[in-house]
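Asker: Dropping the structure in here first, questions after.
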Amino acid sequence: MDLKENGRHCETAVVDDEPTAGVAGSATEELCARAPVGLLAELTHRCPLQCGYCSNPLELERVNKELSTETWVSVMSQAGAMGILQVHLSGGEPTARKDLEEIVAAASKAGLYSNLITAAVLLNRQRLEGLAARGLDHVQISFQDTDAANAERIGAYPGAQKKKLEVAAWVKELGLPLTVNAPIHRQNIHNVGRYIELALELGAQRLEIAHVQYYGWAYVNRAALIPTYDQTIQSIELVERERERLKGVLTIDMVVPDYYAKRPKPCMGGWGKGFLNITPSGKVLPCHAAETIPGLVFDNVQDRPLLDIWLNSQAFNAFRGTDWMKEPCRSCAFKEIDFGGCRCQAMAITGDARNTDPACALSPYHGEMVAMARSEAALPPTPIVYRNPRNAPGAAKPAARPMAMADS
Ligand code: SF4
Ligand code: FES
């Protein structure tokens, strides 16, 4: 069956010429409405950089566990058939995969809008041309800072800045849209204004000012990375002024750090609502940090069709909707708007993923979380634990311990 709904191409009843497990043809319309918008494909955890703000898990998946080319090609085909619109090719560093060209071609064939999220240091012009020729739609390049020396210290990769600037220029020459990604923390927050200038100089369509979210390696490095309240507010005000000034010239998106917020972010747009994440070994996750939540069972694309996992797997249904909520979310007017915030942050800070995200002022843990953020930000930054396999086992934990667990 083939139908269009909300501009999506939905062939939800059939995948690879076989009826999809658990899906009746009559349910097609409902499935289209419930199809995810985006897929984050973590093609590999290999990466030449070692940024301490990385949201990858501490246990990085090894190269011998990575999915084959054929499986990624099948994933792209399944994703297009189930109505997914965009695929973000990420990692680690996705260009470390020699078969990236075949994966991009499969995404294009499946009708997916493909976005390459890259540190850019492994690319050469010929490879970028090849990716564009196979249908790559968009390139997003991360800059660790605007100051080359500080950027190369943060990423632990000498010479990275010059290479990134070179690749950004090629992206423009090839006519591909460019996003500059700016991961912001206390070690580069003084350069937010300079990031805006950089994006303009490079002719980027979009700048993503992404205050670091504290998952994975970033959680370990929180005391090295968390900015002060005043720094955070100043950076937000600067971006808001510049957004107004640059309307129609540069789109500036901003992810704010919610440790100082009063309301939480609707993480992933709601659990199992619009996005899914596939790890290098094929585990399908509702978000990139979901493996930090005990008791969830993650199915693998090698064992089960993607659509079946999306609709029926234990992990995706664990926090779908609002039935799982405890108070104060359960009786709150915002529960369908922010979905109680982030399950992984609730887990990390309170020890229970069903608790209200402590970024919410109504959470009983909120005051403690804000105090913890302020006290960590007031101290000199701790040394960065660089993201590499050597640092993974028994890696240092953040200074503050998780708060005592209590039912809310
Ligand atoms: Fe959102 Fe829950 Fe806070 Fe209400 S109590 S604003 S639903 S996180
Ligand atoms: Fe997992 Fe927010 S990162 S729900």
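The values are calculated or read from the model by the stated rules, or taken from the named source; none is laboratory data. Because the structure is predicted, anything quoted here is derived from the model rather than measured. Please note: Cβ atoms are built from the backbone with ideal geometry, for glycine as well, and neighbour counts cover all protein chains shown. For accessibility, only protein heavy atoms count, side chains too; no ligands or nucleic acids. Shrake-Rupley method; radii C 1.70, N 1.55, O 1.52, S 1.80 Å.
Table: residues versus (1) within 16 Å of ligand 1 (Cβ to nearest atom); (2) more than 27 Å from E291 (Cβ to Cβ).
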| residue | (1), (2) |
| --- | --- |
| Y214 | no, no |
| Q234 | no, yes |
| G248 | no, yes |
| V255 | no, no |
| K262 | yes, yes |
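Asker: Also: Of the residues that sit in the stretch 243-259 and are crowded, with 22+ Cβ neighbours inside 10 Å and part of a helix (DSSP H, G or I), which one is farthest from the chain's Cα centre (by Cα)?
Answerer: Among residues in the stretch 243-259 that are crowded, with 22+ Cβ neighbours inside 10 Å and part of a helix (DSSP H, G or I), the one farthest from the chain's Cα centre (by Cα) is Y259.
Asker: Are any residues in the stretch 290-328 open to solvent by 40 Å² or more (accessible area, probe 1.4 Å), on the phi < 0 side of the Ramachandran plot and within 16 Å of ligand 2 (Cβ to nearest atom), and if so, which ones?
Answerer: Within the stretch 290-328, E291, T292, P294, V297, F298, Q314, N317, R320 meet the criteria.
Asker: Still on this model: Find the residue count for the stretch 321-348, including only residues that are farther than 13 Å from C267 by Cβ and touching a Phe, Trp or Tyr at 6+ places or on another chain (Cβ under 8 Å).
Answerer: Residues that pass the stated criteria total 1.
Asker: Counting just the residues of the stretch 329-353 that are surrounded by fewer than 17 Cβ atoms within 10 Å (Cβ to Cβ) and in contact (Cβ under 8 Å) with a residue 60 or more places away in the chain, which one comes out nearest to ligand 1 (Cβ to nearest atom)?
Answerer: Ranking the candidates gives F334 first.
Asker: Here are some conditions: (1) at pLDDT 95 or above; (2) within 16 Å of ligand 1 (Cβ to nearest atom). P294 meets all but one. Which one does it not meet?
Answerer: (2)
Table: residues versus (1) in a loop (DSSP other than H, G, I, E, B); (2) touching a strand residue (DSSP E or B) at 6+ places or on another chain (Cβ under 9 Å); (3) at pLDDT 50 or above.
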| residue | (1), (2), (3) |
| --- | --- |
| G22 | yes, no, no |
| E30 | no, no, yes |
| R46 | yes, no, yes |
| C51 | yes, yes, yes |
| P57 | yes, no, yes |
| E61 | yes, yes, yes |
| L67 | yes, yes, yes |
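Asker: If I ask for residues that are surrounded by 20 or more Cβ atoms within 10 Å (Cβ to Cβ) and within 16 Å of ligand 1 (Cβ to nearest atom), which ones from the stretch 266-286 would you list?
Answerer: Residues satisfying the conditions are C267, M268, W271.
Asker: Does the stretch 198-205 include one or more residues that are under 26 Å from C344 (Cα atoms) and crowded, with 18+ Cβ neighbours inside 10 Å? Spell out the reasoning first.
Answerer: Taking the stretch 198-205 first, the residues under 26 Å from C344 (Cα atoms) are none.
No, the conditions are met nowhere in the stretch 198-205.
Asker: Taking the stretch 354-404, which residues are in contact with a Pro (Cβ under 9 Å, 6 or more places away or on another chain), open to solvent by 60 Å² or more (accessible area, probe 1.4 Å) and modelled with pLDDT of 95 or more?
Answerer: Across the stretch 354-404, the qualifying residues are L362, P364.
Asker: Between R186, R194, which is assigned to a loop (DSSP other than H, G, I, E, B) and either charged (D, E, K, R) or within 16 Å of ligand 2 (Cβ to nearest atom) (or both)?
Answerer: R186
Asker: Now a separate question. Look through the stretch 332-374, keep the residues that are within 17 Å of T292 (Cβ to Cβ), part of a helix (DSSP H, G or I) and not hydroxyl-bearing (S, T, Y), and return whichever of them is farthest from ligand 2 (Cβ to nearest atom).
Answerer: Looking at residues that are within 17 Å of T292 (Cβ to Cβ), part of a helix (DSSP H, G or I) and not hydroxyl-bearing (S, T, Y), I get M369.
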